[in-house]
Amino acid sequence: MEKYEYFSGTPEVGIVPRAPHAGPLLRHVFEQEHGRGGFAGKVSHTYHLYPPTNWLPGESRHLPGWAPDWESPLRAVGGIHHVLGVAPAAPGHDVYRGMGRLVANATAAMNVTAPRAPMDYFFEHHAATMVFFVHAGRGTLETTFGPIEYGKGDFLIVPKGVTHRFELGPGSHYYWMYESFAGDPEKSEAPTTGQFITHSRSDYRFPRSLDTRNESGRFEIVSKVDGVYTRRVHPTHPFDVIGWRGDYLPYKFAVEDVRPLVADRSHVPPSGHTIFRLPGCYLCVFTVRSVEKEGMWVPFFHKNLDYLETLGYHFGDFFSGGGVVGPGVVTVHPVGLPHGPKPRSLQAFMDGANAGVHNEVGIMADFANPAQVSELALGLSRPGYMDAWASYASDPRFAYAPDRLAEARALGERLADARDALRPPRDEG
Ligand SMILES: [Fe+2]
């Protein structure tokens, strides 16, 4: 034993050699590299009791039609907004066999799953890193690197290729899952606001407890590459890891640890609430926060000219929703099509209301165009969502009036010198 304790430059847990690929331990246990970027990117090493390729002969096969809704055909969405109702939980569906694709582009996708059955197999996604958001449910994500306990409001990041299994706790479960095909999610931060807005790396929770299994039996691993699912069977438990080292790891991140950017005198745009950037996609969290004091507290009407927007409603009052949405619902706003506050919330803003707190949590994922929606999503779409804005065409406050132009000109004159109250005093002399 050395006199003092140290930590190394790379996270490690359990029994590992002094350095990767080196030392006498490797003549007794089996090192496996999880390597990104053609072994030049992020990397982790796991040390196994048994060779990771000890699959049983004659047992590997493709599984046609294994998760049909995950391959739901994609369609161009055109210029219609959609609101998707909550996906039903089908009996017998586990996390992956019940996975349903909602929206996708070439490098990212949004999916939904409402699992009810346990996983009697292990899973590896060979083509995407997955970001889960737990809208409802709790359980344990068991991984090669150790277990991660999770609950409602947690993000779970499962890197491409990591063997894992969900052990569902009691109660109902509802997860949104975002796939990143061309790279791992990067923490979003702006050079002007630094690394602690809107969250800190210290908020990430990586597994630190190994639950090593020295068990024999039939252990099935299902993998996915694009639309092809393949099964292989091993004679030993896949979590036979006695140690690991590296920075390519699964982790969790609680939505309550998002500390949002707020502004008294302006409106923070959606991009100010980004938590992760993925190739072709960005993920934002709108969470509980102070209402703008003098800036607009409803979103400005906007056209997102390069991205299709999805917004999953997790909790709260949903200040811009105008009573149209509720928990578990997802809105899909196509590229280029204008949208913004529903009439009820805009009316409240125009009347000077200010609730003090936006009491809501919504998860937004925007997908670079060309992005498409699935037939499954269109099947969940509630009719009439475009009509949520209908009273803009009929309410006398918003509809055509012959004297509207003159009224606006008079207002322009009257308000020309209007200033915020929250400002430094001016020299009136
Ligand atoms: Fe939007």
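The values are calculated or read from the model by the stated rules, or taken from the named source; none is laboratory data. This structure is a prediction, so every number in the text was calculated from the model and none was measured. Cβ sites come from the backbone with ideal geometry, for glycine too, and all protein chains shown count toward neighbours. In case anyone asks, the SASA skips ligands and DNA or RNA and just uses the protein heavy atoms, side chains included. Shrake-Rupley method; radii C 1.70, N 1.55, O 1.52, S 1.80 Å.
Classify region 177-221 from the C-alpha gyration tensor, please: rounded if a/c falls under 1.5, else prolate or oblate depending on whether a/b exceeds b/c. If you can, show how the numbers build up before the last one.
On the way: a/c = 5.42, a/b = 2.10, b/c = 2.58.
In terms of gyration-tensor shape, oblate.
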For region 359-429, place one equal point scatterer on every Cα, skip the solvent, and apply the Debye formula. What is log10 of I(q)/I(0) at q = 0.12, 0.15, 0.19 Å⁻¹? -0.81, -0.93, -0.99
Suppose we flag trypsin sites (Lys or Arg not before Pro) only when DSSP calls them loop and at most 13 other Cβ atoms lie within 10 Å. Which is the longest uninterrupted stretch of the chain? 19-207
Quick one: 3J(HN,Hα) in Hz for region 259-276, Karplus 6.51/-1.76/1.60 with θ = phi - 60°, rounded, Gly and Pro as x. 10, x, 6, 10, 9, 6, 10, 8, 10, 5, x, x, 4, x, 10, 6, 10, 10
Can you count the Lys pairs in the chain whose Cα atoms are under 26 Å apart, with each pair 8 or more apart or on different chains? 17
Taking every C-alpha to C-alpha distance in region 198-337 and binning by 10 Å from 0, the per-bin percentages run 8, 25, 28, 19, 13, 5, 0
Take Gln32, project a point 7 Å from its Cα along the Cβ direction, then tell me which residues of region 156-183 have their backbone nitrogen under 17 Å from it. 158-166
Considering the options Leu378, Thr143, Gly85, tell which one lies farthest towards the positive end of the dipole of the chain, charges being +1 on Lys and Arg and -1 on Asp and Glu at the Cβ, about the Cα centre. Thr143
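Summing Lys, Arg as +1 and Asp, Glu as -1, what charge do residues with Cβ under 15 Å from the Cβ of Asp420 carry, Asp420 excluded?
On the way: positive: Arg265, Lys293, Arg419, Arg423, Arg426; negative: Asp264, Glu292, Glu294, Asp417.
Summing Lys and Arg as +1 and Asp and Glu as -1 gives +1.
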Simple SL model, points at 7 angstrom along Cα→Cβ for Arg201 and Lys187; separation in nm is 0.6 nm
Ignoring GluC sites (Glu not before Pro) that are buried or in helix or strand per DSSP, and keeping those with at most 16 other beta carbon atoms within 10 Å, what is the longest stretch of the chain between them? 60-214
At most 16 other Cβ within 10 Å, DSSP loop - chymotrypsin sites (Phe, Trp or Tyr not before Pro), region 63-161: Tyr121
How much accessible area per residue does region 386-429 have, counting only protein heavy atoms and a probe of 1.4 Å, in square angstrom? 89 Å²
Treating the chain as a set of equal point scatterers at the Cα positions, no solvent, please give the Debye-formula log₁₀ I(q)/I(0) at q = 0.08 Å⁻¹. -0.53
Evaluate the distance, in nm, between pseudo-label points positioned 7 Å from the Cα of Ser216 and of Phe315 along their respective Cα→Cβ axes. 4.8 nm
Separation between Cα centres of region 48-67 and region 128-199, rounded to whole Å: 25 Å
Using alpha-carbon coordinates, inclination of helix 404-414 to the longest axis of the chain, degrees: 90 degrees
Cα-centred dipole magnitude for the chain, charges only on beta-carbon of K, R (+1) and D, E (-1), debye, nearest 20: 380 debye
Using Cα centres only, tell me the gap between region 376-404 and region 71-109 in whole Å. 25 Å
